Each structure stands twice: as C-alpha cells, then as structure tokens.
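One structure is given below, encoded as structure tokens.
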Amino acid sequence: MNNFAVLPRVKGYRFPRAIISYAVWAYHRFNLSTADVEDLLAERGITVSREAIRLWVNRFGRHFAKCIRRDRPRPNDKWHMDEVVITIRGKKQWLWRAIDA
C-alpha cells in the first residue's frame, strides 16, 4: 500500500492523509464499524465524527479494499503430504497431514 503519510493534505479535507488512510484502512482491513473506527481514533486523541469516517470510506474505500485484496495470499491447488514418525510407549506411530502450498 502507498505511504500516504508523506503526501500533503487532501484538498477539501480537514485531516491529513495519514489519518484518513488509517481510518479507511482499519475500517476495511478489520471489518470494523464507523463507531469502532471513531473509538480507535479517539484513543489517539483525534476527534472525528462517524459521518466523516463514512464519507471517507465512500470516497477512498474502493482503493484500499482493492489493495488489501491484492496483498492477500492467493489460494493454491498444490498440496503436500507431511509425514512424522513418533514413538509412543516404544511403538512407532506415523502421523500424516496435508499442507497447502
């Protein structure tokens, strides 16, 4: 994801890009409500209304959601079998498990 902290303020917005990007990122990444994001920002001393967060999410959210989806690992159809031999009470036991690539 881009580093918005070094970029200037977004034209027409009171808060810097770092705060807006953090709020939108937290909303999408952790599936939080606007009230939860408002509480996260309040813990850091930033007073923002839920309506402002909702407007930020509507305006910038698509880009953040696309970046988060892009960075997630893709499912793969290759599997490997893992075998472990352990001894329990002097008797050998074989443990098998399937591991996704």
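Can we say ILE99 is more than 19 Å from ARG14 (Cβ to Cβ), open to solvent by less than 80 Å² (accessible area, probe 1.4 Å), more than 17 Å from the chain's Cα centre (by Cα) and modelled with pLDDT under 90?
It is true that ILE99 is more than 19 Å from ARG14 (Cβ to Cβ), open to solvent by less than 80 Å² (accessible area, probe 1.4 Å), more than 17 Å from the chain's Cα centre (by Cα) and modelled with pLDDT under 90.
Pairs needed: first member in region 70-97, closer than 30 Å to TRP25 by Cα; second member anywhere, open to solvent by less than 100 Å² (accessible area, probe 1.4 Å) and at pLDDT below 85; C-beta distance under 6 Å; at least 6 residues apart or different chains.
Note: pairs meeting the criteria are ASN76/ALA101.
Looking for something touching a residue at least 24 places away in the same chain (Cβ under 8 Å) and not in a helix (DSSP H, G or I) - is there at least one such residue anywhere in region 55-65?
Looking for residues that are touching a residue at least 24 places away in the same chain (Cβ under 8 Å) and not in a helix (DSSP H, G or I), one finds none in region 55-65, hence no.
Regarding LEU41, is this residue of a type in the set (A, V, I, L, M), in a strand (DSSP E or B) and without any contact (Cβ under 8 Å) to a residue 24 or more places away in the chain?
no
Considering only region 60-72, I want to know if a residue exists there that is over 30 Å from ASP100 (Cα atoms) and touching a helix residue (DSSP H, G or I) at 6+ places or on another chain (Cβ under 9 Å).
yes
Restricting the search to region 46-93, which residues are open to solvent by 100 Å² or more (accessible area, probe 1.4 Å), at pLDDT below 90 and of a type outside the set (D, E, K, R)?
Passing the criteria: PRO73, PRO75, TRP79, HIS80, MET81.
The values are calculated or read from the model by the stated rules, or taken from the named source; none is laboratory data. Since we're looking at a predicted model, the values are computed, not measured. Because the Cβ atoms are built from the backbone with ideal geometry, glycine has one as well, and the counts that use them run over all protein chains shown. Side chains included, ligands, DNA and RNA excluded: accessible areas come from the protein's heavy atoms. Shrake-Rupley method; radii C 1.70, N 1.55, O 1.52, S 1.80 Å.
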